[in-house]
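Comments concern the structure below.
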Ligand SMILES: [Zn+2]
């Protein structure tokens, strides 16, 4: 294996954080025709930099290969996610007094799930997203969208035509960009002197504590502590002046940053979160070296359950064909014999097959028709929403199962 170097500080990577074997890109759903062909399996690992403690996946797979027009994730498919975006847009509009003369730029704007709320409020906006399929949907909602990656090259082009942002935001994009220094430099370029940058990303503290190893996938290059993000932002003449802790994706941080010289006053929350990370031992390399044991404990728990259910003649169905489910299914080695199908609400995924495991993705109606004994909820971050939606499995004595942070089996509420 070749040597890998920290994508932020360039130190040589010498310590593994998690090794999940090899698997195809977790969003590369297969058509029936593609099931007759081969699939490329890539190593899936996360390393921790012993110098700056940034947890990162090495550069195995280029995002250009992943975010194509086939990219299956449309943010608007999740109602709770659209609502999350709506609340955010309303909150920042009020806090930073955005109006008809402002400009909101979203990086990773997907199908316009977020910027549509800016359109409703009459605030000019611009989306930037490399995926042509989702960007086309955003355009139909009246959201100007540039189909490209966000780089200093693109920021330079935008500056040339006079585009500068009052608010530059990104939800779950900060972890997806391999050249993090160029990305943050581009944000610095595009922001007005008093402009605000907000980024949301899963918090590594929650990932480790709740064993959310299935959020490790090829599209993710980074798994952040607040301390690491602060270092990266400060290396580009910005500063973090506020942070919020959010329940999304198992526990995320939303940072607020601005130019070093801007007037935004720091809140005490940054120090509070940093102190908590420190108290949990996250500023010592040792913290990162025992995560694999936690992953394998989850693996043994779920596999024991699935094999026992199979031996007893019980049927376990899956729900939620999200990327994180594919990571779990492929690393654990689950196939159709243990999980005959996964139901999902997205019509774009139905009729396709999960990458690697080739388990079929079906409509929810199949659960009603086949009455499985158990429904394994794969996207644990939507556990409440999904178990409420599938409450009817109690009609035939069905139970829910979750694997993470440890095996849990429960009956729907009566
Ligand atoms: Zn480093």
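For the chain, adding -39500 (n - 2.57) for each run of n ≥ 4 DSSP H residues and dividing by the number of residues yields -9000 deg cm²/dmol at 222 nm. Between residue 248 and residue 87, the simple spin-label model (points 7 angstrom out along Cα→Cβ) gives 1.0 nm.
Taking other Cβ atoms within 10 Å as a rough exposure proxy, 92, 211 sort from fewest to most as 211, 92.
Using a Förster distance of 22 Å, how high is the FRET efficiency between residue 278 and residue 50, based on the Cβ-Cβ distance and rounded to 0.05? The pair residue 278/residue 50 has a calculated efficiency of 0.80. Panel order for 349, 408, by other beta carbons found within 10 Å of each beta carbon, from fewest to most: 408, 349. Taking the DSSP beta bridges with both ends in segment 75-289, the antiparallel portion is around 45 percent.
Convex hull volume of the C-alpha atoms in the chain, normalised per residue: 149 Å³. The Cα center of segment 90-156 and the Cα center of segment 388-403 differ in position by 38 Å.
Once the Cα atoms are used to define both axes, helix 180-190 deviates from the longest principal axis of the chain by about 50 degrees.
Roughly how many whole Å is it from the C-alpha centroid of segment 320-343 to that of segment 191-219? If we compute the Cα centre of each part, the gap is 24 Å.
Extending 7 Å from the Cα toward the beta-carbon at both residue 31 and residue 237 defines two label points whose distance is 4.9 nm.
For the chain, the antiparallel share of DSSP beta bridges with both residues in that region comes to about 55%. Rounded to the nearest 10 degrees, the angle from helix 79-95 to the longest Cα principal axis of the chain is 20 degrees.
The slack in the chain from residue 39 to residue 297, taken as 0.36 nm per residue of separation less the alpha-carbon distance, amounts to 90.0 nm. The calculated Kirkwood hydrodynamic radius for segment 302-410 is 13.7 Å, given to one decimal from all distinct C-alpha pairs. Residues 201, 287 in ascending order of nearby Cβ atoms (within 10 Å, fewest first): 287, 201. To the nearest ten degrees, helix 323-332 and the longest principal axis of the Cα atoms of the chain are 50 degrees apart.
Bear in mind that the values in this text are calculations on the coordinates, not laboratory data. Just so it is clear, the structure is predicted and the values come from calculations on it, not from any experiment. Using ideal geometry, Cβ is built from the backbone for each residue, glycine included, and neighbour counts are taken over all protein chains shown.
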